[in-house]
Amino acid sequence: MATGTEVVSDNGHGCCKKGPGYATPLEAMSGPRESLLYVTCVYSGTGIEKPDYLATVDVDPNSPTYSKVIHRLPMPNVGDELHHTGWNSCSSCHGDPSAARRYLVLPSLISGRIYAIDTLKDPRAPSLHKVVEPADIVNKTGLAYPHTSHCLASGDVMVSCLGDKDGNAEGNGFLLLDSEFNVKGRWEKPGHSPTFGYDFWYQPRHNIMISSSWGAPAAFTKGFNLQHVADGLYGRHLNVYSWPNGELKQTLDLGDTGLLPLEIRFLHDPSKDSGFVGCALTSNMVRFFKTPDGSWSHEVAISVKPLKVQNWILPEMPGLVTDFLISLDDRFLYFVNWLHGDVRQYSIEDPEKPVLKGQVWVGGLIQKGSSVVAEGEDGKTWQYDVPEIQGHRLRGGPQMIQLSLDGKRLYVTNSLFSTWDRQFYPELMEKGSHMLQIDVDTEKGGLAINPNYFVDFAAEPDGPSLAHEMRYPGGDCTSDIWI
């Protein structure tokens, strides 16, 4: 059964019901325009003792409530730190008519709870369906600090967990929940857990899953400390697993050019055997690929040079690539530099040679009016021009991004993680997040801020909140995997 926001395709075989999502990534690009967007909003770590919540935002330009939060679903607990989200079912289940994209899965990075949210009863006003308690997860698997969730074609949900209950990275691994959100156990085989955990993506036609490495929760929950990198508390590896068997087959050491590899995506075409990972600290986009002998290798595809700066904690400032995504037709790659403040668009029609096509500044630490200035090779100082939107000075830096199915609209939030927000952008604690929308030229390339769209989380009923990951009710290019 497909939800009201998805298209039921008969694939040329008459009236043949299909499961959720779309048969192919290219078919998804012809799906309906987004009208609603869900975003996780955080009070944890801000000093406001209120539950985190899931906000519904109206993104229909013909609606009277366009660019407004129209519903808030508070969680039943305080201190969760909602972060990333996934679905109980996506395009990987398209061949199963009994499957439905109904429940949005919300792992809580700090508390360890996992919420299942029913979006089908009323897509504009989702409701809480079930809570998976951390004690149940820890008792059965030893896992804590849940992060990324993906649905599997089997109906199970898989969640990467970044450590044990004490914040040690050694305890990390992958949690399996069944279709009723009961804890089944770990996905990986005993003795095959990675050194560090973070994100993951699977490509079934190549029988492969690759995961990335942030760091030990005991380190990153306290804020970023460069010494912790030297102490080995942060990752620089990709972990190559057999799919669906859960055997760790290969570990790729990205070295000093691949520190803090975070978001990881294969190309959407399920026949392709390559993808990219964003390495935050070294601000590189690294391409990984299968070699003729069947092993996996990697190379730096895009490099963002650090800027020499004054009046900051370090003499050089990395871009800090914290999120990226790939358009459904595998033509464009988009990423953010959270500290520098720009969003970029690259053509990846030749994945080995990405070409910069668009760039726009939407915040950052070196925008005009900031105390931090960049210094050129000639010794002259400069800052970026960042436009005001509807009279608002843009705060923080671009962090999470989401692309419309047709690839023409990019949505941007600016919160990374409450502790790091407080450290690098303390203004977010006082004024909260905002969400922007960037218009994308998919023919010639190019990015332009939409001046008519601005969601301000400064004026939320319980006080300013931090907005993080975004999802559409019908799926998107970072939630859906094709098999």
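The values are calculated or read from the model by the stated rules, or taken from the named source; none is laboratory data. All values reported here derive from a predicted model rather than from experimental measurement. Here Cβ is always computed from backbone atoms with ideal geometry, including for glycine, and neighbour counts include all displayed protein chains. For accessibility, only protein heavy atoms count, side chains too; no ligands or nucleic acids. Shrake-Rupley method; radii C 1.70, N 1.55, O 1.52, S 1.80 Å.
Things to note:
- Of everything listed in (1) crowded, with 22+ Cβ neighbours inside 10 Å; (2) under 28 Å from ASP439 (Cβ atoms), the single unmet condition for THR24 is (1).
- No other residue among ARG265, ARG236 is open to solvent by 40 Å² or more (accessible area, probe 1.4 Å) and not hydrophobic (A, V, I, L, M, F, W, C) apart from ARG236.
- Residue in the range 69-89 that is touching a His at 6+ places or on another chain (Cβ under 6 Å), open to solvent by less than 30 Å² (accessible area, probe 1.4 Å) and not in a loop (DSSP other than H, G, I, E, B) present: yes
Yes/no per residue for (1) touching a residue at least 40 places away in the same chain (Cβ under 8 Å); (2) farther than 21 Å from GLN399 by Cβ; (3) of a type in the set (Ser, Thr, Tyr):
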residue	(1), (2), (3)
TYR53	yes, no, yes
THR56	yes, no, yes
THR65	no, yes, yes
VAL69	yes, no, no
ARG72	yes, no, no
GLY86	yes, no, no
LEU106	yes, no, no
TYR115	yes, yes, yes
LEU128	yes, yes, no
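- Residue count for the range 228-274, restricted to those that are farther than 21 Å from GLY163 by Cα and part of a helix (DSSP H, G or I): 3.
- Residue in the range 423-441 that is more than 17 Å from the chain's Cα centre (by Cα), open to solvent by 30 Å² or more (accessible area, probe 1.4 Å) and closer than 30 Å to SER271 by Cα present: yes
- Selection count where residues are closer than 25 Å to LEU356 by Cβ and buried (at least 18 other Cβ atoms within 10 Å of the Cβ), scope the range 408-422: 7
- Any hit, the range 299-310, residues being touching a Leu at 6+ places or on another chain (Cβ under 6 Å) and within 13 Å of GLU352 (Cα to Cα): no
- When the range 268-288 is filtered for residues that are open to solvent by 40 Å² or more (accessible area, probe 1.4 Å) and under 22 Å from ASP323 (Cβ atoms), the ones remaining, listed by number, are ASP269, LYS272.
- Strands (runs of 3 or more DSSP E) lying entirely in the range 303-347 (those with 1 or more residues that are under 18 Å from THR381 (Cα atoms)): 307-310
- The number of residues in the range 421-453 that are among the acidic types (Asp, Glu) and over 21 Å from ARG33 (Cβ atoms) comes to 3.
- Per-region count, the range 159-216, residues of a type outside the set (D, E, K, R) and in a strand (DSSP E or B): 21
- Qualifying residues in the range 195-233 (those that are more than 14 Å from SER274 (Cα to Cα), of a type in the set (A, V, I, L, M) and in contact (Cβ under 8 Å) with a residue 12 or more places away in the chain) - the one most open to solvent (accessible area, probe 1.4 Å): LEU226
- For the range 93-116, the condition holds for at least one residue, the condition being that it is polar (S, T, N, Q), under 21 Å from the mean Cα position of the chain (by Cα) and not in a loop (DSSP other than H, G, I, E, B).
- Annotation: LYS121 fulfils all but one of (1) open to solvent by less than 10 Å² (accessible area, probe 1.4 Å); (2) over 24 Å from PHE196 (Cβ atoms); the unmet one is (1).
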